[in-house]
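The values are calculated or read from the model by the stated rules, or taken from the named source; none is laboratory data. All of these numbers come straight from a predicted model, not from anything done at the bench. As a convention, Cβ positions derive from the backbone with ideal geometry for all residues, glycine included, and neighbour counts pool all protein chains shown.
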Amino acid sequence: MFGQIPSVISHLSLGHDPFTIGAQVMIFGGVLAVVLLLTIFRRWKWLWREWLTTVDPKKIGVMYILVALIMLLRGGADAMMMRIQQALSVGDSTGIISADTFQQVFSAHGTIMIFFVAMGLMFGLINWVVPLQIGARDVAFPFLNATSFWLFAAGAALINISLVVGEQFSAAGWLAYPPLSELAYSPGVGVDYWIWALQVAGIGSLLAGINFVVTILRMRRPGMNLMKMPMFTWSVLGAMTLVIFAFPILTATLSMLALDRTLGMHFFTADFGGNPMMYVNLIWAWGHPEVYILILPAFGIFSEVVSTFSRKRLFGYTSMVWAIWAIVFLSFIVWLHHFFTMGAGADVNAFFGIMTMVIAVPTGVKIFNWLFTMYRGRIRFTTPMLWFLGFIVIFTVGGMAGVLMSVPPADFQLHNSLFLVAHFHSMVIGGVLFGFWAGITYWFPKIFGFKLNERLGRYAFWSWLVGFLLAFVPLYILGLMGATRRLDNYDASLGWQQLFIVAGVGVAIIGVGIGFMALQLIYSIWKRHENRDTTGDPWGGRTLEWSVPSPPPEYNFAKITEANDRDAWWAIKQGKAQKPEDLPYTSIKVPKNTPYGLFIGGFSFLSAFGVIWHYWWLAGAAILAAAICFVIRSMDDDTERTLSAKHVEKLETERAAP
Amino acid sequence: MYMKYSERATELATQQGAQSVGRAAGSASRQAEAAGKTEFGFWVYLMTDCILFASLFATFAVLRDSTFGGPTRPEIFSLSFVLLETMILLTSSFVAGLAVLAARAGQRTWALRWLLLAFLLGAAFVALEIHEFAKLASEDHGWRRSAFLSSFFTLVGTHGLHVTIGLIWAGGLGLTIWKKGLTSLSVKRLTLWAMFWHFLDIVWIFIFTIVYLMGVAGV
């Protein structure tokens, strides 16, 4: 039974090319450095007590964002390698990496950026903001929330360990289309790593989706009815509804692919009656809503940012809400536009083409509402506002490119071309990522108690904007010239090289932008005493998260006032609503820390690892252990502690003192 | 100790009226609402499970005739056998309902008896399903034979796996109620389990119809 262990050790090998070795050195070096620092500064206990066992959504949010930023470095390194390869690998020159490595790199890039960067940043921000914004003390299920994070972290760990153990990742693209991803054509463990990293992280996302829907529908401030919810909360409700409907499809689809690969089933195989196109349908029935899962919270962030920095109420609140729900609905009936070339016939293609065009309408409504919010506002051009302005330009142009491709005959020409690549990067970088950078800058002082440096933030923004345009405008042009995506080599006579070099320079400038962001973070921490947020309301905010000190206490709000206005905090500041000072202190129940979320994540990691390497004893034992952890935790009736009214009063006065 | 029926009714009413505009801020309703969080969350979870099954049903619908020279649906399904399975599972679900009613009325012994009966019927169902699967496998009609059989085993097997998890859950519940008696918490957990059990019943009705009835008819 344990005879298999030496085989895993034999797979624990040093890479064959300098890039893999470099990545391995970075992984080992990073882990070693963290362990050393924790030991030197005697912070292990602190790490365990304050972070690993925490159920506080604010801290869980920090951990989500930390993991996402680390993964961004890896996904960004992949992007850089692809750009260098395509700039150099012309004609007889083979560039810097082999064709097989190149395929692994683009597969890893897409997987990491969507599942572990965008999703991580999104859940991080949701954890930071949603409970505060609805005036709640916690999420509906704090333990489940921690478990969601640890499943996400386990998925991220699986992706990274694929570089070290087995030294290969899927080479089948970020969505692993069969029959290529079937055992017959991808015999190694690469696709299995892909499946199980996504499966584990995806189940975490599904649980988080359930949690936040219940939180938003059940935990709001008294008086805050649905049409008084802040727009970010609305957008999260829309996105989490999509998670609930879409992620089970992903779970089912990945399971079927895994059953094909491990038990010899024939869902998507090329023989025995399997149907590969069914996989493509299923994965996009999840995948298209997924795009909106990411962009809706970004829309919500921009709604908050624009309104705050224009010192105006959000324009067209009701139409914004309806636009969100129109997008939620429509996003489920457009999936086929990802494969018009499947040959479903003119009628089917026409339906999906028209639905795709229709979804641009609610999106357009939102764009205009933001512009009208700015109109006659007192605009402050802070970093979050700059991200918004950059977003408007890139997202609108990219969106129009999308409408163009929704015409099936046009799509037949542009399908799988770099035009498509440029389009969806406009949406995911210019839309999603710009939105999350704006959100992080905007809410950073709330969570950490000091602002990020504005000057370095501006440098970062301009680097990203210029870098983005240089990197992706050439791809639009190349796509129209006929360049398909995922080329590891092309003929010199095509005349594409100059544009690929420009795109490479663009990515390098984005890299400079990431450098400025790192610098901004370090500098801001160093100078934190100069940038302290002593008021709790550094931007002149409008919603409830700004009504408490920065950083907020673990229970968020000492007193629960009624929220009878859409901009609840603004109303309090204007003296139009009940002030917290008018209420007496009451006792507060807060959840106790628990390590079981971490344990469940860890055992899920081990179980997935066991399945990938066919160590069935490990897979079985680990999943059993995870289940036992879950049972022990759910049998525990003593999960909360009570802070007495007097204690809360003491804490609050101490907080106000310095 | 157990939750009074009136409290339960308030809770259900709050659940249903959660989205209503201008909710009362009274502390009683807020508390009832907080208590209803878990049930509501569990409903949402059941809906996600529903979509998981929907994906498997859709897959089965696409692949049911992709037999690749292997057995077709009318050749391997026996309606009388499946009818027996169905009756057993439906009875188990009904008995689970009786267990919840007894628990709400504070009748611990009856709650345990009904729960035990529901458990035994559920176990009989799983045993029959394993028998069906083993028989198919022994006739060389396993899941490797064709895409149709892959989708059949996965859809019906996923349901069977759920029932098995439900059995383990019921066993744990029975043991705690036997040892600690009925508390408001254990009645709540029993209610959640019963929701899960009824849900699996509904899924089975669809399997009975779409897989077996339509399968025997060949439509």
Could you identify the single residue in A:ALA483, A:ALA518 that is touching a Leu at 6+ places or on another chain (Cβ under 6 Å) and either buried (at least 20 other Cβ atoms within 10 Å of the Cβ) or at pLDDT 95 or above (or both)? A:ALA483
Of the candidates A:GLY575, A:GLY541, the one satisfying the condition of being crowded, with 18+ Cβ neighbours inside 10 Å and either at pLDDT below 95 or in a loop (DSSP other than H, G, I, E, B) (or both) is A:GLY541
Among residues belonging to region B:140-154 that are more than 7 Å from chain A (Cβ to nearest Cβ), outside any helix (DSSP H, G or I) and in contact (Cβ under 8 Å) with a residue 60 or more places away in the chain, point out the one that is farthest from the chain's Cα centre (by Cα). B:ARG145
Of the candidates A:ILE477, A:ILE514, the one satisfying the condition of being out of contact with any strand residue (DSSP E or B) (no Cβ under 7 Å at 6 or more places or on another chain), among the β-branched types (Val, Ile, Thr) and under 22 Å from A:THR382 (Cα atoms) is A:ILE514
Qualifying positions in region A:604-646 - touching a residue at least 24 places away in the same chain (Cβ under 8 Å), part of a helix (DSSP H, G or I) and more than 30 Å from A:GLY188 (Cα to Cα): A:CYS629, A:PHE630, A:ILE632, A:ARG633, A:ALA645, A:LYS646
Looking only at region A:544-563, how many residues end up being polar (S, T, N, Q) and either surrounded by fewer than 18 Cβ atoms within 10 Å (Cβ to Cβ) or not in a loop (DSSP other than H, G, I, E, B) (or both)? 1
Go through region A:215-231 residue by residue and tally those that are within 7 Å of another protein chain (Cβ to nearest Cβ), under 12 Å from A:ALA136 (Cα atoms) and assigned to a helix (DSSP H, G or I). 2
If you scan region A:635-657, which residues turn out to be exposed (fewer than 14 other Cβ atoms within 10 Å of the Cβ) and within 14 Å of another protein chain (Cβ to nearest Cβ)? A:MET635, A:ASP636, A:ASP637, A:ASP638, A:GLU640
If I go through region A:517-537 residue by residue, how many of them are among the small types (Gly, Ala, Ser) and in contact with a strand residue (DSSP E or B) (Cβ under 9 Å, 6 or more places away or on another chain)? 1
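So that you can scan it fast, the table gives a plain yes or no per residue for (1) at pLDDT 95 or above; (2) part of a helix (DSSP H, G or I):
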| residue | (1), (2) |
| --- | --- |
| A:VAL321 | yes, yes |
| A:THR341 | no, yes |
| A:ALA344 | no, no |
| A:MET355 | yes, yes |
| A:VAL365 | yes, yes |
| A:PHE381 | yes, no |
| A:MET385 | yes, yes |
| A:PHE395 | yes, yes |
For A:TYR279, only one of the following conditions fails: (1) more than 24 Å from A:MET355 (Cβ to Cβ); (2) more than 7 Å from chain B (Cβ to nearest Cβ); (3) buried (at least 24 other Cβ atoms within 10 Å of the Cβ). What is its number? (1)
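Within region B:51-83, how many residues are in contact with a Leu (Cβ under 7 Å, 6 or more places away or on another chain) and within 7 Å of another protein chain (Cβ to nearest Cβ)?
The qualifying residues number 2.
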Give me the residue from region A:256-276 that is more than 8 Å from every other protein chain (Cβ to nearest Cβ) and among the small types (Gly, Ala, Ser) and, out of that set, farthest from the chain's Cα centre (by Cα). A:ALA270
Hey, A:PHE212 of a type outside the set (D, E, K, R) and within 13 Å of chain B (Cβ to nearest Cβ) or not: yes
How many of the residues in region A:436-463 are buried (at least 20 other Cβ atoms within 10 Å of the Cβ) and either over 18 Å from A:GLY511 (Cα atoms) or in contact with a Pro (Cβ under 6 Å, 6 or more places away or on another chain) (or both)? 14
I'd like the residue in region A:166-180 that is farther than 18 Å from A:ILE112 by Cα and out of contact with any Pro (no Cβ under 8 Å at 6 or more places or on another chain) and, out of all such residues, is modelled with the highest pLDDT. A:LEU180
Tell me which residues, restricted to region A:602-651, are closer than 21 Å to B:ARG189 by Cα and among the charged types (D, E, K, R). A:ARG633, A:ASP636, A:ASP637, A:ASP638, A:GLU640
Any hit, region A:261-273, residues being crowded, with 20+ Cβ neighbours inside 10 Å and assigned to a helix (DSSP H, G or I): yes
Enumeration of residues in region A:471-487 that are under 13 Å from A:LEU420 (Cβ atoms) and of a type outside the set (Ser, Thr, Tyr): A:PHE472, A:LEU475, A:LEU478, A:GLY479, A:LEU480, A:GLY482, A:ALA483, A:ARG485, A:ARG486
